[in-house]
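Visitor: Next up is a structure, given as structure tokens.
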Protein chains: 4
Amino acid sequence: MTASAVSRILLTGFEPFDKDSINPSWEVARALDGEVIVGGTVHAVQLPCVFGNAMQVLDEALTQLQPALVISLGLAGGRSDITPERVAINLDDARIPDNAGKQPVDEAVVSNAPAAYFSTLPIKAMVRNLREAGIPASVSNTAGTFVCNHVFYALMHRLSRRAAAGVRGGFIHVPALPQQAVKQPGMASMVLEAQISAIREAIRTAMTVQQDLRENAGQLH
Amino acid sequence: MTASAVSRILLTGFEPFDKDSINPSWEVARALDGEVIVGGTVHAVQLPCVFGNAMQVLDEALTQLQPALVISLGLAGGRSDITPERVAINLDDARIPDNAGKQPVDEAVVSNAPAAYFSTLPIKAMVRNLREAGIPASVSNTAGTFVCNHVFYALMHRLSRRAAAGVRGGFIHVPALPQQAVKQPGMASMVLEAQISAIREAIRTAMTVQQDLRENAGQLH
Amino acid sequence: MTASAVSRILLTGFEPFDKDSINPSWEVARALDGEVIVGGTVHAVQLPCVFGNAMQVLDEALTQLQPALVISLGLAGGRSDITPERVAINLDDARIPDNAGKQPVDEAVVSNAPAAYFSTLPIKAMVRNLREAGIPASVSNTAGTFVCNHVFYALMHRLSRRAAAGVRGGFIHVPALPQQAVKQPGMASMVLEAQISAIREAIRTAMTVQQDLRENAGQLH
Amino acid sequence: MTASAVSRILLTGFEPFDKDSINPSWEVARALDGEVIVGGTVHAVQLPCVFGNAMQVLDEALTQLQPALVISLGLAGGRSDITPERVAINLDDARIPDNAGKQPVDEAVVSNAPAAYFSTLPIKAMVRNLREAGIPASVSNTAGTFVCNHVFYALMHRLSRRAAAGVRGGFIHVPALPQQAVKQPGMASMVLEAQISAIREAIRTAMTVQQDLRENAGQLH
């Protein structure tokens, strides 16, 4: 992917879920909507927090925009930092119902498709650049099994097709906002301004770094 | 304590420790220095992170300023929220050496003095007001056994004397700054601006609330 | 305290609470009842998990037994190791109702009494001996503000009176049992046999070590 | 897979690593070696904690034994329960060097192979049965990126070949032993006896349950 004047960047965020009235993933996407970053224009799209429907809205946006880069955002309540996800797995296993009341157990996101896809974003360069900018970040090796992973998997499956050759994409989890954390004592949080700066920097990194860093970011288990 | 035009508020913070180059407790105190809050003027004083010396600098400030309110701040690396401390214990037990290389084990902060003092700040009203302002906060039931607790105990011991009748005081721990957390993956943090707002609000609460709220904020263990 | 043939050791445990059907603190006490450890005979007494009543049952046992050593046990659900408590504070602040539905907020355990008492058990020697025996243990600097701390404070207050000269006492928290942890995924636990061995070793240490170790076991916060 | 008189069960454990002198995964495997469970005989094999070599020793054991069931065990220091792993990913990313000093970063376990494989063990039935037996357990959605995941992936890749039709396999992480946890205050642990019972029960479940339970065991992130 080369950044040209006509590049479009699809940035998705989710509607609120689990009784919350706000979702930072959408607040961040909305704040960056229309911004031009290294020659690419951000197009923010909100996804429903519903299995299936989320994938459908994503598909329509992909078809309509033909973006050169796609980053999907989701809330990871309890995490303290920005976490680019490494791998999407072909599995829905919902601990709580989604916004439409669906609660799939051990179903494939896409039938007869690979077990997993790796992010094609430069996740390690993103983490390094975020830290250098003073924003806590780390690579995550699991995006869970709820609607976030569902969308991440669906995205990578679409991008793996020939027609999407060269289009990079992936998923980044963001922490709760302080106004959410006040309701759950001890929950870590990050202010919206820092989250917006973080995703702007992550996009900038994705638009400029072709070959990811070879730095270890693994977990023993 | 009644807030009058001549009220002085002593706000202490610590110098950096444990190889760090910055300490948010001092950055917050410094930022509020000179500010007038509900008729009281903030006087920021930096304390050395050294057993004994910290207490001495605190004593000098108390003598010199004759403040109507005293709040000491310290860093609690790893905590995610603002934590007004409930109780100071008469014990130094250092897990690491202080900035002068001292590492007392099971020594009294003040010989022949009570085992503990409770904070005389309205800690529950502070927590409620902070949460209402969108800043994560909770009551802490242990200030540890390092220099923070040492200063907290020394402060409360001084304020317990007749001469300090009516002067309220206590200790508040603040989280790490994002720039500190980037060095320790997974560590929670809070931006300086939020920390400053939080302590301003805590001071405002202390200047206006005489009788603390009766809301449970306990721990099972 | 010297261990003689007539030494009596009072070991208390709690009845189940918070919807649980078992409380390891009582299972451990019951298992050691009647056992002779370094010349002392263990007398197990069950305390109700009720503010006030627990203190009363403890008082009766103290009066009746005139023990040479008193150790109260309580459950700390979520902790992974055996934790001798360092300090009892004069404060009840209940996050949940006790077994009688009482939920005191910011009340003194004993009116017009000191803010806190330190354990007079050799808590650091206990921790070292337990670790050497292969049982995870660490010093805790807060026993919370629920019935455990309530009993711990009441005990130390009684032992501080002249009549109890030389009688040592304190509180030890124990982890959940595996059968409790299966209901809360991720909760640490310790099998009953290990908990019994641990408390036997703790009693042995208390009966033989007069002067506690001077090893640091502090917390920064 | 039907359990017959001639069924062989391959159970692997790892040699100690990261300066430890013992590895519970091997202690468990060794303890069950030769045991007959639901008509299958356990064959314990120790794997080196070395990228590549571990896979090679596993391959030899698979060729030699032609087992009907394969379970690989590994230590997850810090986890409190038995965790059957759900998915193996085709990635080595070592946070620390292995026992031979190798520290691969972002390398494939097997080149030109799928991104991931799902365990073919009845992991949810295992978790339910373990909990009913009073042993804490939960499904894990990430086996990390170190030698454990390496072996898990290699195993599933081998079993995916036609020649291994019907042979089920997977990976289970076990907690640290108490004797390991005493060195790291706060680390959860499980006694060896419980770990052995757990893996015996897990094998029994794998030998008898053909269709896994449909119970949610997912994570939001």
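The values are calculated or read from the model by the stated rules, or taken from the named source; none is laboratory data. These numbers were taken from a predicted model, which means no experiment stands behind them. Because the Cβ atoms are built from the backbone with ideal geometry, glycine has one as well, and the counts that use them run over all protein chains shown. Side chains are part of the model used for accessible areas, which takes the heavy atoms of the whole protein and leaves out ligands, DNA and RNA. Shrake-Rupley method; radii C 1.70, N 1.55, O 1.52, S 1.80 Å.
Visitor: List pairs: first in region B:58-73 and assigned to a strand (DSSP E or B), second aromatic (F, W, Y), Cβ under 7 Å, 6+ apart or cross-chain?
Guide: What qualifies is B:S72/B:F152; B:S72/B:F171.
Visitor: Taking into account only those residues within region A:136-167 that are aliphatic (A, V, I, L, M), open to solvent by less than 30 Å² (accessible area, probe 1.4 Å) and out of contact with any Asp or Glu (no Cβ under 7 Å at 6 or more places or on another chain), which is modelled with the lowest pLDDT? Lay out the reasoning, then the answer.
Guide: So the first thing to find is which residues in region A:136-167 are aliphatic (A, V, I, L, M), and the list is A:137, A:139, A:143, A:147, A:151, A:154-156, A:159, A:163-165, A:167.
Narrowing the set further to residues that are open to solvent by less than 30 Å² (accessible area, probe 1.4 Å) leaves A:137, A:139, A:143, A:147, A:151, A:154-156, A:159, A:164.
Imposing the further condition that a residue be out of contact with any Asp or Glu (no Cβ under 7 Å at 6 or more places or on another chain) reduces the set to A:139, A:151, A:154-156, A:159, A:164.
Numbers: A:V139: 97, A:V151: 98, A:A154: 98, A:L155: 98, A:M156: 98, A:L159: 97, A:A164: 78.
Step by step, filter region A:136-167, then rank; the result is A:A164.
Visitor: Checking the condition assigned to a loop (DSSP other than H, G, I, E, B), in contact with a helix residue (DSSP H, G or I) (Cβ under 6 Å, 6 or more places away or on another chain) and at pLDDT below 95, which residue from B:L213, B:L220 passes?
Guide: Criteria check complete, one pass: B:L213.
Visitor: Take the residues in region B:53-87 that are in contact with a helix residue (DSSP H, G or I) (Cβ under 9 Å, 6 or more places away or on another chain) and of a type in the set (D, E); name whichever of them is nearest to the other protein chains (Cβ to nearest Cβ).
Guide: B:D81
Visitor: To continue, here is another question. Inspect all residues belonging to region C:168-188 and state whether any of them is over 13 Å from the mean Cα position of the chain (by Cα), among the basic types (K, R) and closer than 28 Å to D:R131 by Cα.
Guide: yes
Visitor: Here is a further query. Looking at region A:36-49, I want the residues that are under 16 Å from A:T12 (Cβ atoms) and have a partner that is open to solvent by 20 Å² or more (accessible area, probe 1.4 Å) and assigned to a strand (DSSP E or B) with Cβ atoms under 6 Å, at least 6 apart or on another chain. Which pairs are those?
Guide: So the pair list comes out as A:T41/A:R8; A:H43/A:R8.
Visitor: Given the conditions (1) closer than 22 Å to D:M156 by Cα; (2) of a type outside the set (K, R); (3) more than 8 Å from every other protein chain (Cβ to nearest Cβ), which single one is not true for A:Y117?
Guide: All conditions are met except number (3).
Visitor: Another question, then. I'm trying to understand the selection: among the residues of region C:170-212, which are charged (D, E, K, R) and either at positive phi or in contact (Cβ under 8 Å) with a residue 24 or more places away in the chain (or both)?
Guide: We begin by selecting, within region C:170-212, every residue charged (D, E, K, R); these are C:183, C:193, C:200-201, C:204, C:212.
C:R200, C:E201, C:R204, C:D212, listed by residue number.
Visitor: Here are the criteria: (1) more than 19 Å from B:P175 (Cβ to Cβ); (2) within 13 Å of chain D (Cβ to nearest Cβ); (3) open to solvent by less than 10 Å² (accessible area, probe 1.4 Å). Tell me which single one A:G170 does not satisfy.
Guide: (2)
Visitor: Only one of (1) surrounded by fewer than 24 Cβ atoms within 10 Å (Cβ to Cβ); (2) at pLDDT 95 or above; (3) farther than 25 Å from A:V50 by Cα is not met by A:Q180, so which one is it?
Guide: (3)
Visitor: Out of all the residues in region A:17-37, which are modelled with pLDDT of 95 or more, closer than 12 Å to A:Q180 by Cβ, in a loop (DSSP other than H, G, I, E, B) and open to solvent by 30 Å² or more (accessible area, probe 1.4 Å)?
Guide: Result: A:I22, single match.
Visitor: Hey, can you tell me all the residues within region D:183-208 that are acidic (D, E) and surrounded by fewer than 19 Cβ atoms within 10 Å (Cβ to Cβ)?
Guide: D:E193, the sole residue that qualifies.
Visitor: When you look at B:P97, is it surrounded by fewer than 20 Cβ atoms within 10 Å (Cβ to Cβ), at pLDDT 95 or above and either of a type outside the set (A, V, I, L, M) or more than 18 Å from A:K183 (Cβ to Cβ) (or both), yes or no?
Guide: Yes; evaluated as a whole, the condition is true for this residue.
Visitor: Which residue is least open to solvent (accessible area, probe 1.4 Å), if the candidates are limited to region D:46-72 and must be among the polar types (S, T, N, Q), closer than 13 Å to D:H150 by Cβ and over 15 Å from the mean Cα position of the chain (by Cα)?
Guide: First pass over region D:46-72, keeping only residues among the polar types (S, T, N, Q): D:46, D:53, D:56, D:63-64, D:66, D:72.
Then drop every residue that is not closer than 13 Å to D:H150 by Cβ, which leaves D:53, D:56, D:72.
Among the residues that remain, those that are also over 15 Å from the mean Cα position of the chain (by Cα) are: D:53, D:56.
Details: D:N53: 68, D:Q56: 110 Å².
Top of the filtered list is D:N53.
Visitor: Assess whether D:I82 counts as being in contact with a Pro (Cβ under 8 Å, 6 or more places away or on another chain) and within 29 Å of D:I96 (Cβ to Cβ).
Guide: Answer is yes for this residue.
Visitor: B:I123 - would you say it is under 23 Å from B:N216 (Cβ atoms) and open to solvent by less than 30 Å² (accessible area, probe 1.4 Å)?
Guide: Spelling it out, B:I123 is indeed under 23 Å from B:N216 (Cβ atoms) and open to solvent by less than 30 Å² (accessible area, probe 1.4 Å).
Visitor: Being within 14 Å of chain D (Cβ to nearest Cβ) and more than 18 Å from the chain's Cα centre (by Cα) narrows it down to one residue among A:N149, A:N141, A:N112, A:N90; which is it?
Guide: Only one candidate passes the filter, namely A:N112.
Visitor: Turning to a different aspect of this structure: Being within 14 Å of chain A (Cβ to nearest Cβ) and hydrophobic (A, V, I, L, M, F, W, C) is the filter here, so list the residues in region D:177-208 that pass it. Steps first, please.
Guide: Of region D:177-208, the ones within 14 Å of chain A (Cβ to nearest Cβ) are D:180, D:184, D:187-188.
Answer for region D:177-208, where residues must be within 14 Å of chain A (Cβ to nearest Cβ) and hydrophobic (A, V, I, L, M, F, W, C): D:M187, D:A188.
Visitor: What number of residues within region B:209-221 are away from every other protein chain (no Cβ under 11 Å) and crowded, with 20+ Cβ neighbours inside 10 Å?
Guide: Number of matching residues: 0.
Visitor: Moving on to the next point. With the requirement that a residue be more than 14 Å from chain D (Cβ to nearest Cβ) and either touching a Ser or Thr at 6+ places or on another chain (Cβ under 7 Å) or surrounded by 17 or more Cβ atoms within 10 Å (Cβ to Cβ) (or both), what does region A:4-16 give you?
Guide: Listed by number, the residues that qualify are A:S7, A:R8, A:I9, A:L10, A:L11, A:T12, A:G13.
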